[in-house]
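Step one of this worksheet: look at the structure below.
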Amino acid sequence: MGYHFEELTDIKLLLLKTIQYFKDAIPESILTDTILANNYANYFDLEQALYELTENRLVTYYEEGERKFSLTRLGEEALAGFSYRIPKSVCEKLYQTVRIKIREYQNELSLIADYEHTGETDYTVKLGIMEGGYEIFTVSLSLFDEKMAKSVCREFKRSPQTLYTEILSVLLKEQ
């Protein structure tokens with residue numbers, strides 16, 4: 001049975017539970033994606049609930065590119081006292097969704113696609129793929145145009161596995 005929560009209190013509890021499952025500070029995009037992916041609430045109620053949780057100091061956030069939320073002690077206490085209101089099946093589904101989102105987030109973090117200005121008109125682009133803390137693929141390119149450097153980084157982020165496979169096949173191609 002699918003659940004859609006209308007009461008702001010229940011949506012707040014879902015947000016608290018999601019943040020608790022993530023353990024580390026959770027980026028806002030993952031937090032909202034997790035709730036919206038399961039159709040537990042609409043976007044506007046979700047944003048209102050998140051705003052109220054922050055205002056009431058049940059969650060806190062910091063900005064590092066995007067807002068990342070974590071539970072406060074007060075939020076943990078509120079969740080401990082009222083988590084019984086969330087059906088067990090919703091908690092299980094929420095937990096599974098969070099696990100998937102964590103994997104996606106960690107995979108996203110394991111990409112290197114950056115450039116730096118290294119001369120008057122020179123840019124060095126570094127591309128890489130990290131797996132299990134190890135660099136499995138690294139390429140550095142020297143380019144003469146910042147626009148080109150940005151484009152290379154963007155394309156690599158868009159489809160790193162495809163580009164990695166194509167580069168590898170060119171390098172391993174038998175003569």
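Every number here is computed from the coordinates shown, using simple stated rules; none is lab data. Everything quoted here is computed from the prediction, not taken from an experiment. Backbone-built Cβ (ideal geometry, glycine too); neighbour counts: all protein chains shown.
Roughly what % of Cα-Cα distances in segment 111-172 sit above 19 Å, to the whole percent? Show your work: numbers first, answer last.
On the way: 609 of 1891 pairs.
It works out to 32 percent of all Cα pairs.
State the Kirkwood hydrodynamic radius of the chain in Å, one decimal place, computed from all pairs of distinct Cα atoms. Write out the running numbers ahead of the final one.
Values: mean 1/r = 0.0532 Å⁻¹.
That comes to 18.8 Å for the chain.
Give the relative contact order (percent, whole number) for the chain; include only Cα pairs under 8 Å separated by 6+ residues.
Values: 207 pairs, mean separation 29.3, N = 175.
With pairs under 8 Å counted, the relative contact order is 17 percent.
Sort C91, C153 by Cβ crowding within 10 Å, fewest neighbours at the top.
Details: C91 14, C153 18.
Fewest to most other Cβ atoms nearby, the residues stand as C91, C153.
Per residue and in Å³, how big is the convex hull formed by the alpha-carbon atoms of segment 8-109?
Details: hull volume 9.1 nm³, N = 102.
Taking the convex hull of the Cα positions in segment 8-109, it is 89 Å³ per residue.
Straight-line reach from K157: which lysines have Cα under 20 Å away, leaving out those fewer than 8 places along the same chain?
Correct list for K157: K101, K126, K147.
Given the rule -39500 (n - 2.57) for each run of at least 4 DSSP H residues, summed and divided by the residues of the chain, what is its mean residue ellipticity at 222 nm, to the nearest 500 deg cm²/dmol?
About -17500 deg cm²/dmol.
How far, in nm, would the chain grow between E146 and T124 when pulled straight, counting 0.36 nm per residue and subtracting the alpha carbon separation? Display every interim value, and only then the final one.
On the way: separation 22, 0.36 × 22 = 7.92 nm, distance 0.94 nm.
That pair, E146 and T124, stretches by 7.0 nm at full extension.
For E52 paired with H4, estimate the spin-label separation in nm (one decimal), with each label point 7 Å from Cα along the Cα-to-Cβ line.
1.9 nm
Report, in debye and to the nearest 20, how large the dipole of segment 10-154 comes out about its Cα centre when Lys and Arg carry +1 and Asp and Glu carry -1 on their Cβ. Kindly include the intermediate steps, with their values, before the conclusion.
Values: 17 positive and 24 negative charges, 157 e Å.
Here segment 10-154 has a charge dipole of around 760 debye.
Only Lys, Arg, Asp and Glu count, each charged at its Cβ (+1, +1, -1, -1), so figure out the dipole size of segment 111-172 about its Cα centre, rounded to 20 debye. Working shown, then result.
Values: 6 positive and 10 negative charges, 51 e Å.
Here the size comes out at about 240 debye.
If I build a Gaussian network model for the chain, linking alpha-carbon pairs within less than 10 angstrom, which residue out of G128, G75, G119 has the largest mean-square fluctuation?
Residue with maximal mean-square fluctuation among G128, G75, G119: G119.
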